[in-house]
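The block underneath contains the structure these notes are about, expressed in C-alpha cells.
The values are calculated or read from the model by the stated rules, or taken from the named source; none is laboratory data. Given the structure is predicted, the values throughout are model-derived calculations rather than measurements. FYI the Cβ positions are ideal-geometry reconstructions off the backbone, even for glycines, and counts take in every protein chain you see.
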Amino acid sequence: MKKKIILTLSFALLLGTAPVAALAETIDDQIEAKNQKISEIVTTQKEANEYLATLDAEITALEEEYNAVLAEKQSTEQEINTLNTEITNLETKIAKRNDQLDAQARATQTGQDTSILSVMLNATSISDAISKVLAVNTIVSANNDIIQAQKQDKENLNSKKDTLVEKAAALEAKTAELSEKEEGLAQAKLDQNIKLNEIAASLAKETAEKEQFEKQKEEAEKQKQAELKALEERKQKMAEAQALAEKQAKEQQAAQAAAEAEAAAKSEENQQAPTAEAEATPSVPDTSLPTDTEDTSTPPASNSGWGLPVSSVIVTSGYGYREDPTGISGNFHDGIDFGGSSSTVIMAVKSGTVEVAGYDGMSGNYVIVNHGDSYYSYYAHLSSYTVSQGQTVTLGQQVGFMGTTGNSTGVHLHFAIATGIWSGFVNPGPLLGI
C-alpha cells in the first residue's frame with residue numbers, strides 16, 4: 001500500500017512540475033538561440049574591425065603617397081620658378097639682340113652704305129680697303145650669329161615650356177587621383193564606423209534579451225523549487241492524513257466489533273431471561289457504510305446546518321477501507337463517492353469561503369470550502385468548477401458540475417470533509433445524515 005501511495009504522489013509531482021520544466025526548456029532554447037546570435041554578431045564585429053583596420057592602413061599608405069607627391073609638386077614648383085627666371089633672362093637677351101638688328105637696319109636706311117663694293121671705292125688705299133672689307137664682314141657675320149643664337153634660344157625656351165606644361169599636367173592628374181582615393185577611403189571609413197555602431201547596438205540588444213531570458217529562467221527555477229516544496233509538504237500532509245485515517249478506521253472497526261459483540265451478548269441474555277426492557281436493547285449499527293462512533297473528531301449525525309452536495313443521492317463508494325479501483329489511490333477511501341452524470345450540479349453542503357479552486361493530477365478539478373468551524377468540505381473530479389478562490393458561498397449554492405477529471409474511473413463526485421487542508425479527514429456520512 002505504501003508503494004501505491006508513493007506512486008500516487010510521484011504522479012501528482014510529475015503533473016505539478018511538468019509545465020515548469022517545459023517552461024525552463026523553452027527558456028533554455030531561447031537563451032541558446034541568443035548565444036548563437038551573439039556569437040554571430042561578435043564574429044561580424046570582429047570582421048568589421050579587421051576591415052576598418054585595413055581601411056586605416058590604406059588611408060595611412062595613401063597619406064604617405066600624397067605627402068610624397070606633394071613634395072614632388074613643391075620641387076616642381078621650385079623648378080618652374082627657376083625656368084620662369086631663365087625664360088625671363090632669355091627674353092631679355094632676345095630683346096637686346098632685336099634692338100641691335102633694329103639699329104643696323106636704321107643705319108642702312110639713313111645712307112650708311114656698308115656693302116663691300118662701296119667700302120672699297122671709298123678706301124684711300126689698298127690697306128684701308130682691306131681693313132674696311134674685313135670690318136664689314138665681321139659685322140655681317142656677327143649679325144648672322146645673333147640671328148642663329150636667337151633661334152636657338154627660342155627653341156630652348158619652347159622645349160622647356162613644353163616640359164614644364166607636361167610635368168604640371170602630370171602633377172595635376174596625380175593630385176586629382178589621390179584626392180579621389182582619399183575621399184573614397186574616408187567615406188568607406190565613415191560607413192564602416194556606422195556599421196560598427198549598428199553591430200554594437202545589436203550586440204547590446206541581444207545581450208540584454210539574453211539577460212532577460214536568464215532572469216526568467218531563474219524565476220522559473222525558483223517557481224519550480226517552490227512548487228516542489230509545496231508538493232513535498234502536501235505529500236507529508238497526505239501521508240500523515242493517511243496514517244491518521246488508517247488509525248481511525250482500525251479504531252472504528254474495533255469499536256464496531258465490540259459493539260456487535262456486546263449487542264450479541266445482550267441478545268443472548270435477553271433470550272435466556274426476557275424482560276420488558278428487551279425492547280430498549282440497542283440494535284446493531286448499519287455496516288453498509290463505515291461509521292465514526294468512536295471518532296471524537298466527528299460530530300454526531302445531524303442535519304442542522306449541513307446539506308447534500310447533490311439533489312439525488314446515489315452512493316457508489318463509502319468512507320473507509322475498500323479495494324483500490326485504480327491501483328494508485330490506496331485501499332483507504334477518505335470520502336464518499338456520489339454517482340450521477342456530467343450534467344449533475346454540485347452544491348456547497350454549508351456556507352463558507354472557497355479556500356481553493358484548482359486542479360491536480362489526482363483530484364482533477366476540485367474545490368475546497370472553508371466553513372469557518374474547523375471543517376472543510378472537498379468536491380473532487382469535477383468536469384468544471386464555477387467558483388473562485390476567496391468567494392463566499394451559501395448552503396446549496398452551485399460550485400461546479402460532476403465529472404471524471406484526474407485519477408478517476410468514471411463520472412462521479414468524490415466528496416470529503418476534513419479538519420484541515422488535506423489532513424484530518426472524517427466520515428462525512430453522519431454530518432450529511434446518510
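Go through (1) at pLDDT below 95; (2) more than 24 Å from residue 240 (Cβ to Cβ); (3) surrounded by fewer than 20 Cβ atoms within 10 Å (Cβ to Cβ) for residue 344 and report which single condition fails.
(3)
If you check residue 93 against the conditions, is it at negative phi, part of a helix (DSSP H, G or I) and either at pLDDT 75 or above or among the hydrophobic types (A, V, I, L, M, F, W, C) (or both)?
It is true that residue 93 is at negative phi, part of a helix (DSSP H, G or I) and either at pLDDT 75 or above or among the hydrophobic types (A, V, I, L, M, F, W, C) (or both).
Across segment 56-83, what is the number of residues that are surrounded by 12 or more Cβ atoms within 10 Å (Cβ to Cβ) and of a type in the set (S, T, N, Q)?
Residues in segment 56-83 being surrounded by 12 or more Cβ atoms within 10 Å (Cβ to Cβ) and of a type in the set (S, T, N, Q): 1 in total.
Of all residues in segment 392-407, which are free of Cβ contacts under 8 Å to residues at least 60 places away in the same chain and over 17 Å from residue 359 (Cβ atoms)?
392, 393, 394, 397, 398
What residue, of 67, 84, is closer than 16 Å to residue 180 by Cα and part of a helix (DSSP H, G or I)?
The unique qualifying residue is 67.
Out of (1) in contact (Cβ under 8 Å) with a residue 40 or more places away in the chain; (2) over 43 Å from the mean Cα position of the chain (by Cα); (3) closer than 26 Å to residue 231 by Cα, the odd one out for residue 362 is which?
Only one criterion is unmet by residue 362, namely (2).
Restricting to segment 157-199, give me the number of residues that are without any contact (Cβ under 8 Å) to a residue 24 or more places away in the chain and within 31 Å of the chain's Cα centre (by Cα).
So the answer is 5.
Among the residues in segment 165-173, are any at pLDDT 80 or above, surrounded by 12 or more Cβ atoms within 10 Å (Cβ to Cβ) and in the same structural domain as residue 45 (by TED's automatic domain parsing)?
yes
Kindly indicate whether any position in segment 8-19 is at pLDDT 80 or above, under 30 Å from residue 228 (Cβ atoms) and assigned to a helix (DSSP H, G or I).
no
Does residue 227 satisfy being touching a Ser or Thr at 6+ places or on another chain (Cβ under 7 Å), in a helix (DSSP H, G or I), loosely packed, with under 15 Cβ neighbours inside 10 Å and touching a residue at least 60 places away in the same chain (Cβ under 8 Å)?
So residue 227 fails the test.
From (1) at pLDDT below 75; (2) over 30 Å from residue 88 (Cβ atoms), pick out the condition that doesn't hold for residue 157.
(2)
Filtering segment 200-218 down to residues that are of a type in the set (Asp, Glu) and either surrounded by 14 or more Cβ atoms within 10 Å (Cβ to Cβ) or in contact (Cβ under 8 Å) with a residue 40 or more places away in the chain (or both), which residue is farthest from residue 34 (Cα to Cα)?
Selected residue: 214.
Residue 374 is checked against (1) touching a residue at least 40 places away in the same chain (Cβ under 8 Å); (2) within 40 Å of the chain's Cα centre (by Cα) and fails just one. What number does that condition carry?
All conditions are met except number (2).
Would you confirm, using the coordinates I've provided, whether residue 188 is at pLDDT 75 or above and among the hydrophobic types (A, V, I, L, M, F, W, C)?
yes
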